[in-house]
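Quick note: the coordinates plus some simple rules give every number you see, no bench work behind them. Since the structure is predicted, the reported quantities are computational estimates derived from the model, not experimental observations. Neighbour counts are summed over all protein chains in view; Cβ atoms, including those assigned to glycine, are modelled from backbone coordinates with ideal geometry.
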Amino acid sequence: MAATEEVTLLDLWASPFGQRCRIALAEKKVEYEYIEQNLADKSELLLRSNPVHKKIPVLLHAGRSICESLLIVEYIDETWPSPSPLLPADDPYARARARFWARYVDDKLFDCQTRLWKLKSGEPAHEQAKEDLVQALTTLEAELGDRDYFGGEAFGFVDVALVPFTAWFHTYEKFGGGVAEELCPRLVAWAHRCKERNSVAMAIADPHKLYDFVLYLKQKFGAK
Amino acid sequence: MAEKGVKVFGMWASPMAIRVEWALRLKGVEYEYVDEDLANKSEALLRYNPATKKVPVLVHDGKPLAESTVIVEYIDQAWNDGYPIMPADPFDRAQARFLARFAEDKCNAALFAIFVATGEAQRKAVHEAQQCLKTLETALEGKRFFGGDAFGYVDVIVGWIAYWLPIIEEVSGVTVVTDEALPLMNAWFGRVVDVDVVKATLPPRDKLVALNKARREQFLSAAA
């Protein structure tokens, strides 16, 4: 089928959303062309492929574009079901739970971390961001429980959705969000476990390089 | 003792809850509806959805799910020999999910902004909403419903607007959708409210108008 057609990923090195797609493609051993985007000067290809949001990541496959990282990961999983199925094919309830928790990462965790670096330290809104981040991390910690992965015994959809954010633990600490090893030790152990997979190790950002990047973002877009 | 059957925790005026009812009714699934008082949430709701504490929640044979978009996909897969809600092809599914996310993230925010504002801020919000709806409208070209000939996933997720928007317009004193500005949307509105499962579940108009009038007054006086 179309599975053999060319695959292109429009992305940005530091984006945890783009990294999800890179991890999924690597897990499925799909060859693709990676095109780094300059978001300060968006390419024709990006604007044409994602006219609604003009954001990365965008997956181009068989002449069509798919946007939104979680949708891209699901599309990858459905188009290349093996190896490494990310969502259980025959368990609608497990699929639904996985989608819920992946959305939770987007709606709660990403939102808190953005407020954490954008807002002015010391302000009540920043204090709230710190509290909300702790809440999000402890909720995810509880959801993981004693399991090896959010997918149970196998690396799956929620693991892909969350693992790029673990590179942000160092940044959270620097911005007063707390020490991950104390707040969510299971998540920290889980992150190490995931990083043993080549797909993850190759994709996720170096925490220190990421922190420098976030400082740059704060200087450019943060509250003055 | 295993809990059997289907329960929906919702709220009579909630567009998110009504989606779940539409999906279940399309599949011909019998369910018990529990109407929540959101100012005084039931112990059962909090137990079934501790992560976000929101309605709707679906409980199927004792297993809970939250997030209406996740629930609707689950219903489609759990009763997969019934009425097809999602498209069959992975790319079409990605497109459907993308549109639904766009409507949820952008359109809902714009509609809410109209509801809580007056004057210039409201005029801007109306313009925003019209832009969002224009984007959605392009997916209706040449079709009766977003799903094609039949009411499908995007119709289930976005269909609430067909009934709620005229009420928002009335309560907020604005016009958003007209035949001139958004002809395809307007025509689709008419088709949606005529669908059997929709007709069977819509809350009484006068009750909904009264509730939203009171809510708008609350927002405006809080902002003053």
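Among A:Glu143, A:Glu5, rank each residue by its count of other Cβ atoms within 10 Å, from fewest to most, as a rough exposure measure. Intermediate values should be presented prior to the final figure.
Values: A:Glu143 18, A:Glu5 12.
Least crowded to most crowded, the residues run A:Glu5, A:Glu143.
With a Förster radius of 45 Å, plug the Cβ-Cβ distance of A:Asp91 and B:Asp206 into 1/(1 + (r/R0)^6) and report the FRET value to the nearest 0.05. Show your work: numbers first, answer last.
Details: r = 44 Å, r/R0 = 0.98.
Efficiency at R0 = 45 Å is approximately 0.55.
Taking the Cα-to-Cβ direction at A:Asp206 and at A:Ser82 and moving 7 Å from each Cα, how far apart do the two end points lie in nm?
The modelled label-to-label distance comes out at 3.9 nm.
If each of A:Ala125 and B:Lys4 carries a label point 7 Å out from its Cα toward its Cβ, how far apart are those two points in nm?
For A:Ala125 paired with B:Lys4, the spin-label model returns 5.4 nm.
When averaged across all projection directions, what area in nm² does the alpha-carbon convex hull of the range B:6-78 cover?
On the way: hull surface 17.5 nm².
Hull-based average projected area comes out at 4.4 nm².
Taking 0.36 nm per intervening residue step and subtracting the Cα-Cα distance, what contour gain separates B:Asp179 from B:Glu32 on full extension? Don't jump to the answer; show the numbers that get you there.
Working: separation 147, 0.36 × 147 = 52.92 nm, distance 3.87 nm.
Residue separation times 0.36 nm, minus the Cα-Cα distance, leaves 49.0 nm.
Want the number for A:Arg193 to A:Glu33: 0.36 nm per residue separation, take away the alpha-carbon distance, what's left? It would help to have the intermediate numbers written out before the result.
Details: separation 160, 0.36 × 160 = 57.60 nm, distance 2.75 nm.
My answer for the length gained is 54.8 nm.
Return an integer: the convex hull volume of the alpha-carbon atoms of the range B:95-195, in Å³ per residue.
Working: hull volume 8.4 nm³, N = 101.
Hull volume over Cα atoms, normalised by residue count, gives 83 Å³.
Grab the DSSP H runs of chain B that are 4 residues or longer, score each as -39,500 (n - 2.57), total them, divide by all residues and round the 222 nm result to the nearest 500 deg cm²/dmol.
Details: 11 runs with 121 residues, N = 224.
Counting only the DSSP helices, I get -16500 deg cm²/dmol.
I need the calculated FRET efficiency for the pair B:Tyr83 and B:Ala222, taking r as the beta carbon distance and R₀ as 51 Å, to the nearest 0.05.
Numbers: r = 43 Å, r/R0 = 0.84.
Efficiency, from the Cβ-Cβ distance: 0.75.
First select every other residue whose beta carbon is under 15 angstrom from the beta carbon of B:Gln77; then total the charges, Lys and Arg +1, Asp and Glu -1. Please report the intermediate quantities before stating the final value.
Values: positive: A:Arg95, A:Arg97, A:Arg99, B:Lys27, B:Lys63, B:Arg93, B:Arg97; negative: A:Glu74, A:Asp77, A:Glu78, A:Asp90, A:Asp91, B:Asp61, B:Glu67, B:Glu73, B:Asp76, B:Asp81.
Combined, the nearby Lys, Arg, Asp and Glu give -3.
What are the ³J(HN,Hα) values, in whole Hz, obtained from phi via the Karplus relation 6.51 cos²θ - 1.76 cosθ + 1.60 with θ = phi - 60°, for each residue of the range B:141-152 in sequence order, with x given for Gly and Pro?
Values, residue by residue: 3, x, 10, 7, 10, 4, x, x, 6, 10, 4, x Hz.
How large is the translational diffusion coefficient of the protein assembly as shown in µm² per second when you combine the Kirkwood radius over alpha carbon pairs with Stokes-Einstein at 25 °C and 0.890 mPa s? Mind dumping the intermediate values first?
Working: Rh = 23.4 Å.
For the chosen part, D equals 105 µm²/s.
Other chains near A:95-104: what is the mean number of their Cβ atoms within 10 Å of each residue's Cβ?
Details: counts 5, 14, 6, 1, 8, 11, 3, 1, 6, 4.
What the average comes to for A:95-104 is 6.
Between the range B:68-128 and the range B:147-224, what is the separation of their alpha carbon centroids in Å?
The two parts, judged by their Cα centres, are 13 Å apart.
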